[in-house]
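Worksheet for the structure shown next.
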Amino acid sequence: MGSEDGVFKWTDANTADLIVWRVSNKSLFTGRRNAAIKAFELYVKEKQLVGKVTPAWVRKKWENLKQKYKDLKSLSMVGGDTSIATWKWYAIMDGALSSETPLSHFITPVQVSSSAQDAPPIKQRKEEDWLTALREMERRQEEREGQASEREDERDRRAAAREEERDRRAAEREVERDRRAAEREEVRERQALEREERREREMFARQERWEKEMLAREERQERDYREREERREREAAAREERLFKLLETFMANK
């Protein structure tokens with residue numbers, strides 16, 4: 001929780017203010033025992049957050065910001081990570097913690113009056129410088145986010161174009177498959193028709209042969225029957241003739 005009583009809500013403005021204050025008061029964080037917690041106690045008092053957040057909670061908030069920055073920084077060095085473009089505090093934390101870019105690159109110097117008594121305190125000037133740097137970092141972060149959005153849009157456009165090309169080629173392949181399938185179906189139908197016609201011709205030829213064979217068999221049977229009848233008639237006539245001869249011989253001898 002960012003509050004002890006559950007009412008106070010920690011905002012982005014508080015986060016930005018914490019980053020500015022932490023870097024502006026770097027000298028308070030000596031690394032000695034309890035130095036950090038005492039420094040954050042000072043922060044809570046200066047920002048009138050007593051009773052709203054604890055120094056320990058503020059310290060944890062800062063450590064979380066720093067750890068996330070380091071994690072994203074490490075990922076970007078080994079291959080890139082899109083979270084950098086979307087995490088709003090990356091550019092600010094990079095400017096605050098990175099030693100590669102001098103602070104003067106981000107900070108527009110505050111105009112100091114010629115009168116020494118008009119000059120703001122050193123701490124106030126440092127915070128004003130950091131607020132200027134913060135605005136510059138936010139502007140650069142917005143530019144990076146805009147560029148990332150443009151790159152994402154370009155990737156989406158190219159992906160859509162590739163998808164459209166794939167769909168077009170798929171449609172062409174589908175049309176070609178349909179055409180070839182229609183050709184194969186036409187060939188199959190033609191072959192089936194040819195086979196049917198061939199079967200009909202063969203069936204008619206078999207029927208014709210069968211009819212011829214039946215007619216020839218009937219003719220043979222008819223011829224055989226006539227021949228048998230003629231033979232029986234000749235045999236009967238021969239028997240009658242022999243019988244008459246025997247009868248004539250008998251009558252002559254009597």
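Assorted remarks:
- Test: residue in region 243-254 that is among the hydroxyl-bearing types (S, T, Y), surrounded by 10 or more Cβ atoms within 10 Å (Cβ to Cβ), in a helix (DSSP H, G or I) and at pLDDT 90 or above: no
- Qualifying residue in region 38-49 (condition: over 25 Å from R144 (Cβ atoms), of a type in the set (F, W, Y), part of a helix (DSSP H, G or I) and in contact with a Pro (Cβ under 7 Å, 6 or more places away or on another chain)): yes
- Sole residue being at pLDDT below 90 and either farther than 19 Å from D17 by Cα or exposed (fewer than 10 other Cβ atoms within 10 Å of the Cβ) (or both), chosen from E128, E143, E164: E143
- Subset of region 193-235 (residues that are within 60 Å of the chain's Cα centre (by Cα) and of a type in the set (D, E)): E194, E196, E197, E200, E202
Every residue, every condition in (1) of a type in the set (K, R); (2) under 19 Å from S98 (Cα atoms), yes or no:
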| site | (1), (2) |
| --- | --- |
| S27 | no, yes |
| V44 | no, no |
| K52 | yes, no |
| K60 | yes, no |
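- Hey, R155 at pLDDT 90 or above and assigned to a helix (DSSP H, G or I) or not: no
- Of the numbered criteria (1) more than 18 Å from T132 (Cα to Cα); (2) modelled with pLDDT of 90 or more, the one G80 fails is (2).
- Looking only at residues in region 85-108 that are in a helix (DSSP H, G or I), at pLDDT 65 or above and not aromatic (F, W, Y), the one that is nearest to A148 (Cα to Cα) is T86.
- Residues considered: V53, V58. Of these, the only one that is at pLDDT 90 or above, touching a Phe, Trp or Tyr at 6+ places or on another chain (Cβ under 7 Å) and not in a helix (DSSP H, G or I) is V53.
The values are calculated or read from the model by the stated rules, or taken from the named source; none is laboratory data. The model shown is predicted, which means the values in this text are computed figures rather than measured ones. Quick reminder, even Gly has a Cβ in these numbers, built from the backbone with ideal geometry, and neighbours come from all protein chains shown.
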